[in-house]
Amino acid sequence: MGEILDAVEQRAEWKKLRSLRKTRSHAKAVRKTFAFTRAVDVSTGDIEQYIKERKDTGRAEATINRELEILRCAYRLAVKGKLISAARVPDIELLRLDNIRQGFFERAEIEALLQRIPDRDLHDFIEWGFRTGQRKGEIAKLTWDMLDRTCPVWVLRLPGAIAKNKTGRSLGLAGETRTIMERRLARRRLDCPLIFHRTSKGKADSRSRISGARGETPSRPRRFPKTDSSTTSGDPRCGH
């Protein structure tokens with residue numbers, strides 16, 4: 001098993017996948033159980049026992065699924081490379097997740113939340129995420145050189161390098177998104193390339209600040225709903 005798990009990591013490294021670090025992390029957990037077992041000797045029962053043990057240690061089902069996907073990929077590559085026969089591959093079923101699509105902010109929640117956040121930088125960051133559906137990590141990488149103001153309609157040109165799917169795209173700014181960008185221009189720092197920088201000195205992260213503003217204890221992170229215009233780590237000079 002160690003050999004075919006190596007192939008998964010080597011493939012991710014060769015293809016320069018952004019998920020390489022996570023792939024290695026999930027593969028490490030699988031190796032602890034199967035590294036010294038022959039791939040042809042792993043049975044469906046062994047997979048089920050692995051799932052049970054991971055659940056018993058408190059691992060989230062989504063995490064277990066990522067580990068099972070590593071196993072699936074390892075066997076798929078092994079069959080493709082004619083290392084083992086497809087007939088010797090165990091049945092690896094993913095767990096059914098019942099919490100998919102949960103944990104999203106609704107409009108009323110966002111509007112109530114924004115009213116309770118005095119930090120203007122964090123306020124703009126959160127509202128931008130809600131208006132565009134962009135991921136937090138992508139928003140944190142937006143820089144001024146991506147903004148085109150040469151036309152009446154401003155355009156944010158997003159390079160594939162900052163996107164999860166590595167696909168570049170453009171976002172026309174109108175209405176609320178244009179208003180937010182105008183606020184960011186007013187707060188622009190010449191020593192910082194980031195659009196959404198932080199000027200406050202507080203050390204609490206955004207998740208803690210959001211929970212505090214809502215009167216909650218930080219728990220599982222909430223997400224912005226995805227939209228058709230969805231897109232975008234920080235620079236230490238900018239307070240991230």
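The values are calculated or read from the model by the stated rules, or taken from the named source; none is laboratory data. It should be emphasised that the depicted structure is a prediction, and the values quoted were computed from it without experimental measurement. Every residue, glycine as well, gets a Cβ built from its backbone with ideal geometry; the counts of neighbours run over all protein chains shown.
You will find that of 231, 199, 227, 217, the residue that is hydroxyl-bearing (Ser, Thr, Tyr), modelled with pLDDT under 95 and within 24 Å of residue 17 (Cβ to Cβ) is 231 and no other. If you check residue 103 against the conditions, is it within 24 Å of the chain's Cα centre (by Cα) and modelled with pLDDT under 95? Yes, satisfied. Inspection of the stretch 133-149 identifies no residue that is closer than 13 Å to residue 180 by Cα and among the acidic types (Asp, Glu). With respect to residue 20, is the statement that it is over 20 Å from residue 91 (Cβ atoms) and aliphatic (A, V, I, L, M) true? Judged against the criteria, residue 20 is a match.
Just to verify a result, which residue in the stretch 67-93, among those that are within 30 Å of the chain's Cα centre (by Cα) and among the charged types (D, E, K, R), is nearest to residue 25 (Cα to Cα)? Top of the filtered list is 67. For residues that are in a loop (DSSP other than H, G, I, E, B) and more than 19 Å from the chain's Cα centre (by Cα), tally how many sit in the stretch 121-154. Selection size over the stretch 121-154: 6.
The C-beta contact set for the stretch 61-76 (first residue more than 14 Å from residue 4 (Cβ to Cβ), second residue basic (Lys, Arg) and in a helix (DSSP H, G or I), distance under 8 angstrom, 6+ apart or interchain) comprises 61/55; 63/54; 64/54; 64/55; 66/22; 67/54. Among the candidates 35, 39, 78, 12, the residue that is touching a helix residue (DSSP H, G or I) at 6+ places or on another chain (Cβ under 8 Å), more than 30 Å from residue 163 (Cβ to Cβ), at pLDDT below 90 and not assigned by TED's automatic domain parsing to the domain that holds residue 165 is uniquely 35.
Considering (1) more than 28 Å from residue 18 (Cα to Cα); (2) part of a loop (DSSP other than H, G, I, E, B), the lone condition that residue 165 does not fulfil carries the number (1).
Of the candidates 185, 171, 158, the single residue that is at pLDDT 85 or above, among the hydrophobic types (A, V, I, L, M, F, W, C), surrounded by 14 or more Cβ atoms within 10 Å (Cβ to Cβ) and farther than 23 Å from residue 17 by Cβ is 171.
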